[in-house]
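Peer 1: Take a look at the following structure, please.
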Ligand code: DSN
């Protein structure tokens, strides 16, 4: 694709939008400028390709297409069928999965589809069989009441939020924590690593219907073969949420025991993190769960987003190219260089390093809360997010951690040398920031002091670091 074609496409789109609501066109342009100028270390963000972005902005957005490929509740879905089938085919081929369902709108939707596919398979179907009816509408009121109680009384075991799990894995404020009788497994307090014996013991005691693997803030590989054995030993269905590391699975950095697809009964993911596609979700599963998964809409989803499925097909096609494996490996090389750069300067890292795309800094080592550190870094042009660390004394709002990740900067082309310079910039900010006090003299978890001149200097150095690696070099909006 030539520079002219991509620039023309985005410039023309903005011109059309500007004619209707210029403030939206301006905000879109400003967002590109902001993204170009910031050192983005948010572990869950990336930069989708121009082709992926353009595949979303079109008349597929106007189409309703409930149902599945070739079996829709609306007429005229032949073109939606084409893109949904393509996205699913690319997903199956890329991940070696038996079945792919590409309709979920986000990660939580993908997880809800997975949870309810398992509940339908393991609780609802046997109840229908016992009552000798085909579907729930045929149940008597009494049988329906009993089934609903049983569906609401199932157990799930997942990784706790403060150990690095995700809020959709049973966190009480999330629907997953309300629909399941839920327990969590944590990490070893001494090492920060998953203790598989403890997971096995928790599973033996609790006997969950679903064992969930996967994380959003755990900086290490997970052995999915062992987790599957644990699930099998207690008759649990094994589900993995690979939203964060799907790109590393796609790029064959995580293989064998560390690739969840051959081990899990069901795998969920987002498509926009390390996988570098459009915002959205996806479910992969073993053949025996395929029919239930395909009932995601209407089970928990509304009408699919055909424009996003089109973009998923484009991004998954990109991820099947050989250069994606190189990209995935560079993500991990960069994360390890960043971790090494921070460690060598004295930072405290959860688990002491990383095997994947993310690093979790325990900023209590700098005398700061996560919130103070996040803001001081932002003042200095470095975009991160605060995150709990295991057994965090500051809770999920203030936190004691900063989570950083390399998928986005790796897409821009930054390498290990730039990661060391990034570590230097971050360490300088964090050592020069001091925690503030409340009016009554007690320590504040939010206030801090950082010399504005130093913050400006670091922000300029961050911009200089990015300068040789322009974002979207083929897109010129001027
Ligand atoms: N918001 C995503 C993350 O940052 O990890 C997950 O939901």
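Peer 1: So, in region 434-473, how many residues would count as being touching a helix residue (DSSP H, G or I) at 6+ places or on another chain (Cβ under 7 Å), over 28 Å from residue 31 (Cα atoms) and in a loop (DSSP other than H, G, I, E, B)?
Peer 2: Count: 0.
Peer 1: Considering only residues of region 363-393 that are surrounded by fewer than 19 Cβ atoms within 10 Å (Cβ to Cβ) and without any contact (Cβ under 8 Å) to a residue 60 or more places away in the chain, which is nearest to the chain's Cα centre (by Cα)?
Peer 2: 378
Peer 1: What pairs come up if the first residue lies in region 216-238 and is in contact (Cβ under 8 Å) with a residue 24 or more places away in the chain, the second is in a helix (DSSP H, G or I) and surrounded by fewer than 17 Cβ atoms within 10 Å (Cβ to Cβ), and their beta carbons are under 6 Å apart, counting only those six or more places apart or on different chains?
Peer 2: Partner pairs satisfying both residue conditions: 223/257; 225/257; 226/196.
Peer 1: Could you please give the count of residues in region 98-149 that are assigned to a loop (DSSP other than H, G, I, E, B), within 16 Å of the ligand (Cβ to nearest atom) and crowded, with 23+ Cβ neighbours inside 10 Å?
Peer 2: 1
Peer 1: Would you mind stating whether residue 91 is buried (at least 20 other Cβ atoms within 10 Å of the Cβ) and more than 16 Å from the ligand (Cβ to nearest atom)?
Peer 2: Considered against the rule, which asks whether it is buried (at least 20 other Cβ atoms within 10 Å of the Cβ) and more than 16 Å from the ligand (Cβ to nearest atom), residue 91 comes out as yes.
Peer 1: Identify all residues within region 406-415 that are surrounded by fewer than 17 Cβ atoms within 10 Å (Cβ to Cβ) and touching a helix residue (DSSP H, G or I) at 6+ places or on another chain (Cβ under 8 Å); write none if there are none.
Peer 2: 415
Table: residues versus (1) out of contact with any strand residue (DSSP E or B) (no Cβ under 8 Å at 6 or more places or on another chain); (2) within 16 Å of the ligand (Cβ to nearest atom); (3) not in a helix (DSSP H, G or I).
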| residue | (1), (2), (3) |
| --- | --- |
| 278 | yes, yes, yes |
| 297 | no, no, no |
| 302 | yes, no, yes |
| 315 | yes, no, no |
| 318 | yes, no, no |
| 328 | yes, no, no |
| 332 | yes, no, no |
| 337 | yes, no, no |
| 361 | no, yes, yes |
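Peer 1: Identify, from the list 423, 347, 396, the residue that is assigned to a helix (DSSP H, G or I) and crowded, with 21+ Cβ neighbours inside 10 Å.
Peer 2: After applying the criteria, what remains is 423.
Peer 1: In region 187-200, which residues are part of a loop (DSSP other than H, G, I, E, B) and farther than 20 Å from residue 233 by Cβ?
Peer 2: 188, 189, 190, 191, 192, 193
Table: residues versus (1) touching a residue at least 12 places away in the same chain (Cβ under 8 Å); (2) within 16 Å of the ligand (Cβ to nearest atom).
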{"site": "32", "(1), (2)": "yes, no"}
{"site": "37", "(1), (2)": "yes, no"}
{"site": "41", "(1), (2)": "yes, yes"}
{"site": "62", "(1), (2)": "no, no"}
{"site": "75", "(1), (2)": "no, no"}
{"site": "81", "(1), (2)": "yes, no"}
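Peer 1: Quick test of your reading of the structure: residue 409 fulfils all but one of (1) assigned to a helix (DSSP H, G or I); (2) more than 27 Å from residue 475 (Cβ to Cβ); (3) touching a strand residue (DSSP E or B) at 6+ places or on another chain (Cβ under 9 Å). Name the failing condition by number.
Peer 2: Here residue 409 meets the rest and fails (2).
Peer 1: Identify the single condition in (1) away from the ligand (no atom under 16 Å from the Cβ); (2) farther than 30 Å from residue 207 by Cβ; (3) in contact (Cβ under 8 Å) with a residue 40 or more places away in the chain; (4) surrounded by fewer than 24 Cβ atoms within 10 Å (Cβ to Cβ) that residue 292 does not satisfy, given that it satisfies every other one.
Peer 2: (2)
Peer 1: Follow-up question, since we're still on this one. Out of the residues in region 168-216 meeting the condition of being surrounded by fewer than 20 Cβ atoms within 10 Å (Cβ to Cβ) and within 16 Å of the ligand (Cβ to nearest atom), tell me which one is farthest from residue 393 (Cα to Cα).
Peer 2: The selected residue is 175.
Peer 1: Please enumerate the residues belonging to region 150-167 that are within 16 Å of the ligand (Cβ to nearest atom) and in a loop (DSSP other than H, G, I, E, B).
Peer 2: Of everything in region 150-167, those that are within 16 Å of the ligand (Cβ to nearest atom) and in a loop (DSSP other than H, G, I, E, B) turn out to be 160, 164, 165, 166.
Residue by residue, here is whether (1) under 26 Å from residue 262 (Cα atoms); (2) in a helix (DSSP H, G or I); (3) touching a helix residue (DSSP H, G or I) at 6+ places or on another chain (Cβ under 9 Å); (4) away from the ligand (no atom under 16 Å from the Cβ) holds:
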residue	(1), (2), (3), (4)
4	no, yes, no, yes
9	no, yes, yes, yes
12	no, yes, no, yes
27	no, yes, no, yes
51	no, yes, yes, yes
54	no, yes, yes, yes
65	no, no, yes, yes
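Peer 1: Looking only at region 217-253, which residues are more than 16 Å from the ligand (Cβ to nearest atom), out of contact with any helix residue (DSSP H, G or I) (no Cβ under 6 Å at 6 or more places or on another chain) and assigned to a loop (DSSP other than H, G, I, E, B)?
Peer 2: The answer is 235, 236.
Peer 1: Could you check region 264-274 and list, in sequence order, the residues that are in contact with a helix residue (DSSP H, G or I) (Cβ under 7 Å, 6 or more places away or on another chain) and either assigned to a helix (DSSP H, G or I) or within 13 Å of the ligand (Cβ to nearest atom) (or both)?
Peer 2: Matches in region 264-274: 268, 269, 270, 271, 273, 274.
Taken together, the values in this text are just the output of simple stated rules run on the coordinates, not laboratory data. In this text the structure is predicted, and so the values were computed from the model without any measurement. Don't worry about glycine lacking a Cβ; one is built from the backbone with ideal geometry, like all the others, and counts go over all protein chains shown.
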